[in-house]
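Note sheet for the following structure.
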């Protein structure tokens, strides 16, 4: 049976991480960020008292069954930048999976992570994998480039393995104008299409369309995946990078393959 979606679990975290309230950690973080920002002529604008830890959020979503590979995808920096989060999660997760993180790709990070996990699946060594997509809402400085900060702390765990909903290789198309997205998506047929926030006003060809939460730029489409059954296409657009990202489950013959 081909690899695909086994299940997806999403959770929002209304409270800040315990580390955010720790004055020792807060002081060390302020020194670290201040020094890092100074090298680029930027300044720390405030603390991260409302920040969340990707390690803590992801740990709450780890499965009971063993996993062979784990990839964490994120965009907004972590409240705990000193932790090697993927290694930490490998230590906690049953099976001690091979683990790493993907970042600095905007919304494309999660789709790139899925593509990498599918590459590992094809080698025949890995039987189960976990994709964790996470974002936290505290960014205490202006990075000097366009960035969308989420409204809520959110993490999504996408469980992958032998499945009746096989995953197509994700498409990440660069240099895309928003007006060209419907043509690039094509006719998606008998699937539920989840559109990211910047695609909400577009007319796409599909049996069913669902709009992701526009206030969750990274996790929005993946959080919606956790509430759906059957063939699903996730389509997202990063306006800063001009990337169109498309991942599909259970509809490998569609144009998203």
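The values are calculated or read from the model by the stated rules, or taken from the named source; none is laboratory data. Keep in mind that what you see is a predicted model, and the values were worked out from it rather than measured. Heads up, the Cβs are rebuilt from the backbone with ideal geometry, glycines too, and the neighbour counts pull from every protein chain shown.
Overview of values
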quantity	calculated
Residues within the stretch 17-29 that are in contact (Cβ under 8 Å) with a residue 40 or more places away in the chain and outside any helix (DSSP H, G or I), tallied	1
Members of the stretch 30-54 that are surrounded by 15 or more Cβ atoms within 10 Å (Cβ to Cβ) and assigned to a helix (DSSP H, G or I)	30, 33, 37, 54
Selected residue (only one of 239, 150, 217, 231 is in the same structural domain as residue 118 (by TED's automatic domain parsing), touching a residue at least 24 places away in the same chain (Cβ under 8 Å) and either surrounded by fewer than 19 Cβ atoms within 10 Å (Cβ to Cβ) or under 21 Å from the mean Cα position of the chain (by Cα) (or both))	150
Tally, over the stretch 154-184, of residues that are out of contact with any helix residue (DSSP H, G or I) (no Cβ under 7 Å at 6 or more places or on another chain), surrounded by 18 or more Cβ atoms within 10 Å (Cβ to Cβ) and not in a strand (DSSP E or B)	2
Boolean, residue 105 is assigned to a loop (DSSP other than H, G, I, E, B), in contact with a strand residue (DSSP E or B) (Cβ under 6 Å, 6 or more places away or on another chain) and modelled with pLDDT of 90 or more	no
Failed criterion for residue 79 (all others in (1) out of contact with any strand residue (DSSP E or B) (no Cβ under 7 Å at 6 or more places or on another chain); (2) under 21 Å from residue 148 (Cβ atoms); (3) at pLDDT 90 or above hold)	(3)
Number of the condition not met by residue 203 [criteria: (1) more than 19 Å from residue 134 (Cα to Cα); (2) surrounded by 22 or more Cβ atoms within 10 Å (Cβ to Cβ)]	(2)
All positions within the stretch 199-217 that are in contact with a helix residue (DSSP H, G or I) (Cβ under 7 Å, 6 or more places away or on another chain), within 21 Å of residue 155 (Cβ to Cβ) and part of a loop (DSSP other than H, G, I, E, B)	212, 213, 214, 216, 217
Verdict on residue 21 being surrounded by 19 or more Cβ atoms within 10 Å (Cβ to Cβ) and within 21 Å of residue 153 (Cα to Cα)	no
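A quick yes/no check of all residues on (1) touching a helix residue (DSSP H, G or I) at 6+ places or on another chain (Cβ under 9 Å); (2) at pLDDT below 90; (3) buried (at least 24 other Cβ atoms within 10 Å of the Cβ):
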{"site": "61", "(1), (2), (3)": "no, no, no"}
{"site": "65", "(1), (2), (3)": "no, no, no"}
{"site": "68", "(1), (2), (3)": "yes, no, no"}
{"site": "122", "(1), (2), (3)": "no, yes, no"}
{"site": "127", "(1), (2), (3)": "yes, no, no"}
{"site": "137", "(1), (2), (3)": "no, no, no"}
